[in-house]
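Report on the structure given below.
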Amino acid sequence: MGKTSENDVTEDPALAGKRAAAYRAVDEHIRDNQIVGIGSGTTIVSAVERIVERVRAENLSIVCIPTSFQAKQLILENHLPLGTLDQYPQLDIALDGADEVDADLNLIKGGGGCLTQEKIIASCAKEFIIIADDRKDSAVLGRYWNKGIPIEVVPMAYCPVQLKIQQQLGGKAVLRMAHRKAGPIVTDNGNFILDWMFSSEPTPEWIEADRKLHCIPGVLETGLFLNMAKAAYFGTADGLVTVRTRPSS
């Protein structure tokens, strides 16, 4: 059997799609003298890569506000100016990924556990732009993402919150467990994550479901990002990018 050379190794199609979307989104939205929210996850690595290239080539002056410890480290490792919401409570733009995006640019986020910080940053930005590969593109929210709606909860309340979600909204709320250590995932805020496995028949009315979840004591934030994103960039493995903007209300 012959050996496989490095040249025979093909790039993960999802990563190629994310990179194509990230580069185009950065090229179309990042400008000089902006305050930029930097999201979390693998998609944003490509966005920061392109931001660094443009900062060096065009001598751009920007300040980056992170959504997580991982995002903060990414900013520092790439020698980009780091800021906080205390310094810059209003951002020009926020770039982030998503677990699923529907036809109206409603999102499910929080697969990485940073949903609260991500939503705060998104809410502070004049423009919230989503970057994703085309697998995340869905006509109806909840059609493809089958890992549940992430919900950040205060640790002491997770059992009552589980019970109330299941009583009020149906389905099952599952405590997210860590993979490489015993016990649950702990967020940057020191909280737990419940993943609400909702009933898909019929698909929930998301605005009402989000309202009910927020009314449960102990719930800090949900992974439902509704009516927040201005545009979404979806990249394919061959480098094609589709842009969807939020319909006018």
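The values are calculated or read from the model by the stated rules, or taken from the named source; none is laboratory data. This one's a predicted model, so the numbers in the text were calculated from it and none came from an experiment. Every residue, glycine among them, receives a Cβ derived from its backbone with ideal geometry; neighbour counts consider all protein chains shown. These area figures cover heavy atoms from the full protein model, side chains too; ligands, DNA and RNA do not enter into them. Shrake-Rupley method; radii C 1.70, N 1.55, O 1.52, S 1.80 Å.
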Long pairs among Lys18/Lys126; Lys109/Lys181; Lys109/Lys230; Lys119/Lys172; Lys109/Lys164, criterion Cα-Cα beyond 19 Å: Lys18/Lys126; Lys109/Lys181; Lys119/Lys172; Lys109/Lys164
Nitroxide proxy distance, nm - points 7 Å out along Cα→Cβ at Thr203 and Ala237: 2.6
Non-local amide H neighbours of Leu220 (under 5 Å, H modeled in plane, Pro and chain starts lacking H): which ones? Glu152, Val153, Val154
What span do the alpha-carbon atoms of the chain cover on each of the three principal axes, reported in whole Å from largest to smallest? 58, 55, 43
Contact order relative to length for the chain, counting C-alpha pairs under 8 Å separated by 6 or more residues, stands in percent at 24
Can you work out the Karplus-derived ³J(HN,Hα) for every residue in segment 71-76? Use 6.51 cos²θ - 1.76 cosθ + 1.60 with θ = phi - 60°, whole Hz, and x for glycine or proline. 5, 4, 5, 5, 5, 5
Amide H of Gly110: which non-local residues (sequence gap of 5 or more, or other chain) have their own amide H closer than 5 Å, using H built in the peptide plane? Asp99
Phi-derived 3J(HN,Hα) across segment 58-68 with the Karplus relation (6.51, -1.76, 1.60, θ = phi - 60°), rounded Hz, x for Gly and Pro, is 10, 6, 6, 10, 9, 10, 10, 10, x, 9, 6
Amide H of Ile93: which non-local residues (sequence gap of 5 or more, or other chain) have their own amide H closer than 5 Å, using H built in the peptide plane? Ile35, Gly37, Lys126, Glu127
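Mind ranking His179, His214, His79 by accessible surface for me, highest first, 1.4 Å probe? Display every interim value, and only then the final one.
Details: His179 180, His214 75, His79 155 Å².
Sorted descending by solvent-accessible area, the residues read His179, His79, His214.
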Approximate spin-label separation Asp32-Asn78, in nm, with each point projected 7 Å along Cα-to-Cβ: 2.1
To the nearest 10 Å², what's Thr242's accessible area with a 1.4 Å probe? 80
With each pseudo-label sitting 7 Å past Cα toward Cβ, what's the Leu175-Arg135 distance in nm, one decimal? 2.9
Applying the Karplus parametrisation 6.51 cos²θ - 1.76 cosθ + 1.60 with θ = phi - 60° to the phi angles of segment 121-134, what ³J(HN,Hα) value in whole Hz is obtained for each residue in order, glycine and proline being reported as x? 4, 4, 5, 8, 9, 5, 10, 10, 10, 9, 10, 7, 7, 5
Listed residues Glu118, Glu28, Glu201 arranged by accessible area, highest first, probe 1.4 Å: Glu201, Glu28, Glu118
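For an R0 of 51 angstrom, estimate the FRET efficiency from the Cβ-Cβ distance between Leu85 and Cys159 and round to the nearest 0.05. Walk me through the numbers before you get to the answer.
Details: r = 32 Å, r/R0 = 0.62.
Efficiency, rounded to the nearest 0.05: 0.95.
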With a 1.4 Å probe and all protein chains in place, put Leu82, Leu60 in order of accessible area, largest first. Leu82, Leu60
With the chain treated as a Gaussian network of Cα nodes joined by springs under 10 Å, which of Lys109, Lys172, Lys18 yields the largest mean-square fluctuation? Lys172
